[in-house]
Amino acid sequence: MPDTRVLVVDDERSMRELLAIMLRQAGHDVTVADGGEAAIKALKSDTFDLVITDLRMREVDGLAVLRAAKEQSPQTVVLVITAFASTETAVEAMKLGAYDYLTKPFKVDEIKLTIANALERKRLQDENQALKRQLRRERGFENFLGKSPQMLDIFETIRKAADSVSTVLITGESGTGKELVARAIHEESPRRNGPFVSINCGAVPETLMESELFGHVKGAFTGAVANTVGLFSAAAGGTLFLDEVTEVPSSVQVKLLRAIQEREIRRVGDTRDIKVDVRLIAASNREVAKAVADGVLREDLFYRLNVIPIHLPPLRERREDIPLLVAHFVRRLSAELGRPVRSVTPEALAILETYRWPGNVRELENVIERALVLGSGDRLDAPGLPPDLRRPRDVQDVAVEIPEDGLDLEATLSQIEHRYIQTALARTGGVQTRAAELLRVSLRQIRYKLQKYTRLTRQG
Ligand SMILES: Nc1ncnc2c1ncn2[C@@H]1O[C@H](COP(=O)(O)OP(=O)(O)OP(=O)(O)O)[C@@H](O)[C@H]1O
Ligand SMILES: [Mg+2]
């Protein structure tokens, strides 16, 4: 293990030096301490992979060094060295988490082997931890799936955001999973046992918005027949999710800003301020910057909301998530609908992977549900999918530009064709049969086109 940092602790100089020389020869980065006190000081300012300490030392002993090392980082491997007479303390040291002990006098080979084993164990431990972290990262959240780099990043941000109380602003087209993000943050946060309260700001009449959010006192306005607490108070100790936040009327936006800044609200018709402990998450499927530019959303409120921005890319920009989502929805919905569908045909999957999904994941979910309800048999196949999906992609989607001096149509089309093939091959990991399915051509056609293109580029 290169760059291994070792701390050697012994109040006996010859021993210290012997160990230090040996370890340096083995290529390790060695720090020496001439006693327990110096060792504990070193442990406070530095981290070590391995600590080798004598047990019996004047003043501060090896057990104290062991404790300090484990306290500082439980991953640190500690080896204790003991005189033959004090094996009892050595056993005590093992109980406290020492990796092993060596009794003096020992042979150089013996200690070399023990150190090598200790470091190997440390390496495995670290590797194991890294794998666990990776697994956690890749697993996403229960019912919130994704393996595209964009989604993995989002999962990471969610975990980080969950630990703070900062406001999160989630943006993304309709059906991309904004509400799922909000719920995941709440579930991962220390507030998970508190309430998660959600309000669609676009669905509340303008005149009722303020009272809905902050509550009102009896008689505050016509129809206010009793005191109400409002959603801020209802979400106390938990999370308040403001969906479609650009729809909050401007008169209420000022009050919202104040609630975020001061962590205080005032009920409609009340004269007192009430402290509230609420974590705010806002979402919008509009372009929020544009809403600010258009004067729909106050700029100061935008900055207060946008402390942690999370943008969900549309499904068509992360197509590698599609097979995962399809499998998930098929599994869940076939159980719910009592229609055991065991597989999705490659042809159907190819169609699902190519479609533009303007309604994103929600649309995908609906398409699967429809296919399960209307279909029969234990496979989801291409004819079971809505005709819209099977229509070739709208040519309007492809940008067509002709340079000033014109172009060679044949060569251009051939280049475009080649790019589609390359993209398909990239997505299928180079598997030509799958790429052919994706592009709805035969395997022979793909092979022929690839050859043709290679020939063309060689000539040209
Ligand atoms: N990554 C995902 N994994 C599993 N299910 C998902 C994922 N993304 C979205 N969904 C599902 O898709 C549907 C739409 O998600 P959600 O309601 O969170 O979208 P939204 O962005 O809030 O949409 P809108 O802007 O229309 O409110 C939900 O049923 C949700 O469970
Ligand atoms: Mg939503």
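The values are calculated or read from the model by the stated rules, or taken from the named source; none is laboratory data. Treat the numbers as computed from the prediction; the structure is a model and nothing was measured. For neighbour counting, all protein chains shown are included, and Cβ atoms are generated from backbone atoms with ideal geometry for every residue, glycine included.
Of the residues 186, 216, only one is within 26 Å of residue 300 (Cβ to Cβ), within 16 Å of ligand 1 (Cβ to nearest atom) and not aliphatic (A, V, I, L, M); which?
Values: 216 fails: within 16 Å of ligand 1 (Cβ to nearest atom).
Matching residue, one of 186, 216: 186.
Put simply, of 406, 429 the only residue that is over 30 Å from residue 180 (Cβ atoms) and in a loop (DSSP other than H, G, I, E, B) is 406.
Of all the criteria given as (1) without any contact (Cβ under 8 Å) to a residue 60 or more places away in the chain; (2) within 14 Å of ligand 2 (Cβ to nearest atom); (3) under 21 Å from residue 296 (Cβ atoms); (4) among the aliphatic types (A, V, I, L, M), the one not satisfied by residue 180 is (3). Close contacts from region 58-84, counting a first residue that is in the same structural domain as residue 101 (by TED's automatic domain parsing) and aromatic (Phe, Trp, Tyr) and a second that is surrounded by fewer than 21 Cβ atoms within 10 Å (Cβ to Cβ) and modelled with pLDDT under 90, with Cβ to Cβ under 8 Å and a gap of 6+ residues or different chains, come to 84/103; 84/104. Check region 236-243 and report whether any residue there is within 19 Å of residue 284 (Cβ to Cβ), away from ligand 1 (no atom under 14 Å from the Cβ) and modelled with pLDDT of 95 or more. Scanning region 236-243 turns up at least one residue that is within 19 Å of residue 284 (Cβ to Cβ), away from ligand 1 (no atom under 14 Å from the Cβ) and modelled with pLDDT of 95 or more.
Which of the residues belonging to region 65-99 are closer than 14 Å to residue 52 by Cα and either of a type in the set (Ser, Thr, Tyr) or in a helix (DSSP H, G or I) (or both)? Answer for region 65-99, where residues must be closer than 14 Å to residue 52 by Cα and either of a type in the set (Ser, Thr, Tyr) or in a helix (DSSP H, G or I) (or both): 65, 66, 67, 68, 69, 70, 76, 82, 90, 93, 94, 99.
Kindly indicate which of 368, 310 is surrounded by 15 or more Cβ atoms within 10 Å (Cβ to Cβ), in contact with a strand residue (DSSP E or B) (Cβ under 8 Å, 6 or more places away or on another chain) and not in a helix (DSSP H, G or I). Give the derivation first.
Details: 368 fails: not in a helix (DSSP H, G or I).
Going through 368, 310 in turn, the sole match is 310.
Of all residues in region 169-177, at least one satisfies being at pLDDT 95 or above, within 16 Å of ligand 1 (Cβ to nearest atom), over 24 Å from residue 277 (Cβ atoms) and touching an Asp or Glu at 6+ places or on another chain (Cβ under 7 Å). Condition check for residue 169 on (1) in contact with a helix residue (DSSP H, G or I) (Cβ under 8 Å, 6 or more places away or on another chain); (2) more than 19 Å from residue 233 (Cβ to Cβ); (3) part of a helix (DSSP H, G or I); (4) not small (Gly, Ala, Ser): one failure, at (3).
Take residue 265 and tell me if it is more than 16 Å from ligand 1 (Cβ to nearest atom), under 22 Å from residue 204 (Cβ atoms) and in contact (Cβ under 8 Å) with a residue 60 or more places away in the chain. Full working, then the answer.
On the way: more than 16 Å from ligand 1 (Cβ to nearest atom): yes; under 22 Å from residue 204 (Cβ atoms): yes; in contact (Cβ under 8 Å) with a residue 60 or more places away in the chain: no.
Considered against the rule, which asks whether it is more than 16 Å from ligand 1 (Cβ to nearest atom), under 22 Å from residue 204 (Cβ atoms) and in contact (Cβ under 8 Å) with a residue 60 or more places away in the chain, residue 265 comes out as no.
Of all residues in region 87-134, those satisfying the criterion of being acidic (Asp, Glu) and over 23 Å from residue 64 (Cα atoms) are 109, 110, 120, 126, 127.
Exactly one residue among 168, 217 is within 16 Å of ligand 2 (Cβ to nearest atom) and β-branched (Val, Ile, Thr), and that residue is 168.
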